[in-house]
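The values are calculated or read from the model by the stated rules, or taken from the named source; none is laboratory data. This one's a predicted model, so the numbers in the text were calculated from it and none came from an experiment. Don't worry about glycine lacking a Cβ; one is built from the backbone with ideal geometry, like all the others, and counts go over all protein chains shown. Accessible surface areas use protein heavy atoms only, side chains included; no ligands, DNA or RNA. Shrake-Rupley method; radii C 1.70, N 1.55, O 1.52, S 1.80 Å.
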Amino acid sequence: MTRPIAVLGGTGPEGFGLALRWAQAGETVIIGSRDAQRAQSAADKIRQRAGSSAKVSGAENVAACAAADLLVLTIPFESHATVLKQLKPALRPGSIVVDATVPLAASVGGRASRTLGVWQGSAAQETAELVPQGVAVVAAFQNVGSEMLNAEGAVDCDVIVCSDDAEASRTVRSLAIRIPGVRAIDGGKLENARVLEQITALMIGLNIRHKGHSGIRITGLPPAAYTGH
Ligand SMILES: NC(=O)c1ccc[n+]([C@@H]2O[C@H](COP(=O)([O-])OP(=O)(O)OC[C@H]3O[C@@H](n4cnc5c(N)ncnc54)[C@H](OP(=O)(O)O)[C@@H]3O)[C@@H](O)[C@H]2O)c1
């Protein structure tokens, strides 16, 4: 069996899209939600699209977290700290928390094309402060829109992966390239997450201005930089 991936907040469009892509790629996925039934119904919808052999299930967030050591956070920024505090007792040393959260100003009634200042520098750095020792935090997937993930076909977007833990970053890059069309690039330290999060706010503004679903591509690096390894 492949290592299970728990997508917390996987009932929303971003987490659902990632979970769908990984289930389609043959990964074992657990959808997390505040409500186990909602999680199971999202898992059923994924099975309908990915095929009856898809290895996908649903559970309440803490139970999903306890059943996996690779966790992907796709929850709104306003619930970020609260959810991480709830998950803390279920987080084991050696686990990886992948944070796709963007601290959009919309969280506090502002614009979706602006971000909030986060004391730690970024949502992902806030996560690093809230997880127990021995849990690696990786910032990734902030720039991949849910529309692309939930559509058919390849995803026209690169994923930049940032972490202070080189091995965890490598693991997440190999997960990112399971999504057709995605190239995963090592983006260096976790502190660079602040840039990834800001890019998303710009992309939301571009989507509104030009009525589209933008993605990002990084050009000019040697081929090895795009392989995810
Ligand atoms: N949407 C995109 O295209 C996109 C792209 C890149 C990054 N992101 C980032 O990914 C994250 C998720 O985006 P999304 O659009 O999927 O968000 P969303 O639909 O607003 O929320 C995702 C899920 O989080 C849970 N949730 C909502 N409010 C909560 C609360 N107060 N406490 C705990 N859980 C709560 C809900 O699941 P349950 O009700 O089932 O618990 C919901 O289905 C955000 O941080 C966003 O910035 C989104």
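Restricting attention to segment 48-63, the residues that are surrounded by fewer than 16 Cβ atoms within 10 Å (Cβ to Cβ) and among the basic types (Lys, Arg) total 1.
Criterion applied to Ala42, Ala63, Ala100, Ala67 was being under 19 Å from the mean Cα position of the chain (by Cα) and either charged (D, E, K, R) or under 30 Å from Gly188 (Cβ atoms) (or both), and the one residue passing it is Ala100. Scanning segment 207-224 for residues that are without any contact (Cβ under 8 Å) to a residue 60 or more places away in the chain, basic (Lys, Arg) and open to solvent by less than 100 Å² (accessible area, probe 1.4 Å) gives no hits.
Condition first: free of Cβ contacts under 8 Å to residues at least 40 places away in the same chain, in contact with a Pro (Cβ under 9 Å, 6 or more places away or on another chain) and either of a type outside the set (Lys, Arg) or open to solvent by 10 Å² or more (accessible area, probe 1.4 Å) (or both). Can you find one or more residues in segment 143-159 that meet it?
Filtering segment 143-159 down to residues free of Cβ contacts under 8 Å to residues at least 40 places away in the same chain leaves 151-154, 159.
Checking which are in contact with a Pro (Cβ under 9 Å, 6 or more places away or on another chain) leaves us with 153-154.
If we keep only those that are either of a type outside the set (Lys, Arg) or open to solvent by 10 Å² or more (accessible area, probe 1.4 Å) (or both) as well, we get 153-154.
The answer is yes; a qualifying residue exists.
Consider segment 76-104 and keep the residues that are among the hydroxyl-bearing types (Ser, Thr, Tyr) and under 19 Å from Cys162 (Cα atoms). The one that is surrounded by the fewest Cβ atoms within 10 Å (Cβ to Cβ) is Ser95. Going residue by residue through segment 64-75, is there one that turns out to be open to solvent by 20 Å² or more (accessible area, probe 1.4 Å), farther than 25 Å from Glu167 by Cα and modelled with pLDDT of 95 or more? No: segment 64-75 contains no residue that is open to solvent by 20 Å² or more (accessible area, probe 1.4 Å), farther than 25 Å from Glu167 by Cα and modelled with pLDDT of 95 or more. Taken together, Val161, Val135, Val172, Val131 contain a single residue that is hydrophobic (A, V, I, L, M, F, W, C) and within 16 Å of Gly121 (Cβ to Cβ), which is Val131.
Yes or no, residue by residue, for (1) more than 8 Å from the ligand (Cβ to nearest atom); (2) part of a loop (DSSP other than H, G, I, E, B):
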residue	(1), (2)
Gly15	no, no
Lys45	yes, no
Ser52	yes, yes
Val62	yes, no
Ala68	yes, yes
Thr82	no, no
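Only one entry in Val118, Val137, Val195 is at pLDDT 95 or above and either open to solvent by less than 30 Å² (accessible area, probe 1.4 Å) or among the polar types (S, T, N, Q) (or both), namely Val137. Looking across Ser33, Ser41, one residue alone is within 13 Å of the ligand (Cβ to nearest atom), modelled with pLDDT of 95 or more and open to solvent by 10 Å² or more (accessible area, probe 1.4 Å). It is Ser41. Whether a residue is farther than 18 Å from Glu152 by Cα and acidic (Asp, Glu) was assessed, and Glu60 passes this test.
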